[in-house]
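Step one of this worksheet: look at the structure below.
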Amino acid sequence: MKTLTVTALLLACCALTGFAQDTTKTKQKPKATYQVGTAKVTVWENKKTDGTTWKNFKVEKIYKKADKWETTNSFNETELLELKSAIDKAIAEESVKVKTTEEKK
């Protein structure tokens, strides 16, 4: 019973420390957003401590339901064409380079 109580206290302390995070940090903003119709590609740039950077790309569909904007990752055939156009824009603007088979080795 004593072990169970100690374990419960430790878990509670760990949970509470998760809520006590520094809120003075500013929220990271996306580097760029490319939208065609309802398809949207958001580019996030990340930096390691050694100064190297890389990009992540988030794809989603945006739509309005009642008075609230919603997102999904489900696309119909027409929306897939919009997504393709948005991805093409992101690739062109962000200078995405495709590695050849030789470069991957």
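Just so you know, all these numbers are worked out from the coordinates, no wet-lab data involved. Predicted model only: the values in this text are computed from it and were never measured. Here Cβ is always computed from backbone atoms with ideal geometry, including for glycine, and neighbour counts include all displayed protein chains.
Run the quick spin-label model on residue 65 and residue 28: label points 7 Å from Cα toward the beta carbon, then report their separation in nm to one decimal.
Result for the modelled spin labels: 2.7 nm.
Calculate one ³J(HN,Hα) per residue across the stretch 56-62 by plugging θ = phi - 60° into the Karplus curve 6.51 cos²θ - 1.76 cosθ + 1.60, and present them in order as whole Hz with x for glycine and proline.
After applying 6.51 cos²θ - 1.76 cosθ + 1.60, I find 10, 10, 10, 10, 7, 10, 10 Hz.
In whole Hz and in residue order, list the ³J(HN,Hα) couplings for the stretch 80-90 that follow from phi through the Karplus curve 6.51 cos²θ - 1.76 cosθ + 1.60, θ = phi - 60°; x for Gly and Pro.
These are the phi-based 3J(HN,Hα) values: 5, 5, 5, 4, 4, 5, 5, 5, 4, 4, 4 Hz.
Please tell me which of these pairs span more than 18 angstrom C-alpha to C-alpha: 31/89; 31/58; 27/64; 40/89; 64/89; 27/68? Each step should come with its number before you reach the end.
Values: 31/89 14 Å; 31/58 12 Å; 27/64 24 Å; 40/89 11 Å; 64/89 24 Å; 27/68 22 Å.
Cα-Cα > 18 Å for 27/64; 64/89; 27/68; rest within.
Would you kindly state how much longer the chain becomes between residue 45 and residue 93 on full extension, computed as 0.36 nm times their sequence separation minus their alpha carbon distance, in nm to one decimal? Before the final figure, lay out the partial values.
Working: separation 48, 0.36 × 48 = 17.28 nm, distance 1.35 nm.
Extra length from residue 45 to residue 93 when fully extended: 15.9 nm.
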